[in-house]
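In what follows, a structure is listed as structure tokens, so that the remarks can point back to it.
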Amino acid sequence: MQRMLVVGDRFATSTNRPDVRGLSQFLAELRGGRYDDPQERRQIILGQCLDGTARERIEQELSRRGLTGRITIPDRQRDVVHPSRVHKRRQENVLLADVERIEPERFRARLSIDVDNELVLDHVSGWHVSGMVINEAARQMILAVTEGFYAAERSGPGLQYLLHSWTTRFDRFLFPVDATVLYTVDRLDARRPDRLRFDVSVDIVQNGARAAQCTMTFSAMNATSFTAIEKRMANELLDDILRAPAEVVR
């Protein structure tokens, strides 16, 4: 059985492999009869930068041509995180699916890049996934894990997040196929009643190899404490700017 990777059209233009196709090209080839040979068996692997309708569109075309039994797609439906859990408004901008706890302080998710994600609409350079996507996936993992597994233990009007440090190292290119996001809480300070302070590491793993690692320190605090800090710092800055001597206009 032959395997074929189908990815979003934005990534497909950077490779000329016969076993990699963009969604539009693959659907056109199906309609044109390219895969009608009754002796061929294929398995379709769905990569990144596809929307929620991609699988259905492929299956409908396979059914029309009587290819359902000879060209198959593994059943890997994704439970994409709700936008509010990662502080987003639009579902297509969520980068995580299937978030789960695998050990007391370790968590796992699948990278899930939508075709209309804000970070790929205007920046695709070659066939790899950009570093911006990697960093945003790490940021979303902070929120998804804290909101889903730690916030319930804290009272108050909701949590806000204050980043203290962030370091990213890139070990290899990340490509638009399945990837895993591994999140480890290296240190948790819960001594203060109004906040949690975390040291965490986020590994982006593809085909068993680490593509990138983000290490971050951040605090998750109640909205009252966060707003007080933000307001104080904003007023300090505005006081410095607005109370400085006026510039002489010539």
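Details
- Test: residue in the range 7-16 that is buried (at least 16 other Cβ atoms within 10 Å of the Cβ), touching a residue at least 24 places away in the same chain (Cβ under 8 Å) and either at positive phi or touching an Asp or Glu at 6+ places or on another chain (Cβ under 6 Å) (or both): no
- Comparison of R110, R139 shows that the only residue that is of a type outside the set (A, V, I, L, M), at pLDDT 95 or above, under 28 Å from G52 (Cα atoms) and in contact with an Asp or Glu (Cβ under 7 Å, 6 or more places away or on another chain) is R110.
- Per the listing V99, V94, V120, the residue uniquely in contact (Cβ under 8 Å) with a residue 12 or more places away in the chain, farther than 29 Å from R197 by Cα and surrounded by 16 or more Cβ atoms within 10 Å (Cβ to Cβ) is V120.
- A138 open to solvent by less than 10 Å² (accessible area, probe 1.4 Å) and among the aliphatic types (A, V, I, L, M): yes
- Residues that are part of a loop (DSSP other than H, G, I, E, B) and of a type in the set (S, T, Y) were ranked within the range 1-59; the one that is modelled with the lowest pLDDT is S14.
- Tallying residues that are open to solvent by 60 Å² or more (accessible area, probe 1.4 Å), polar (S, T, N, Q) and either more than 21 Å from G148 (Cβ to Cβ) or part of a helix (DSSP H, G or I) (or both) within the range 60-79 yields 3.
- Complete set of residues in the range 218-243 that are part of a helix (DSSP H, G or I) and under 12 Å from Q160 (Cβ atoms): A223, T224, S225, F226, T227, A228, I229, E230
- Candidates Q48, Q25, filtered to the one that is crowded, with 17+ Cβ neighbours inside 10 Å and within 30 Å of L121 (Cβ to Cβ): Q48
The values are calculated or read from the model by the stated rules, or taken from the named source; none is laboratory data. Model, not experiment: these values are computed from the prediction. Every residue, glycine as well, gets a Cβ built from its backbone with ideal geometry; the counts of neighbours run over all protein chains shown. To get the accessible areas, we keep the full protein, side chains included, count just its heavy atoms, and leave off ligands, DNA and RNA. Shrake-Rupley method; radii C 1.70, N 1.55, O 1.52, S 1.80 Å.
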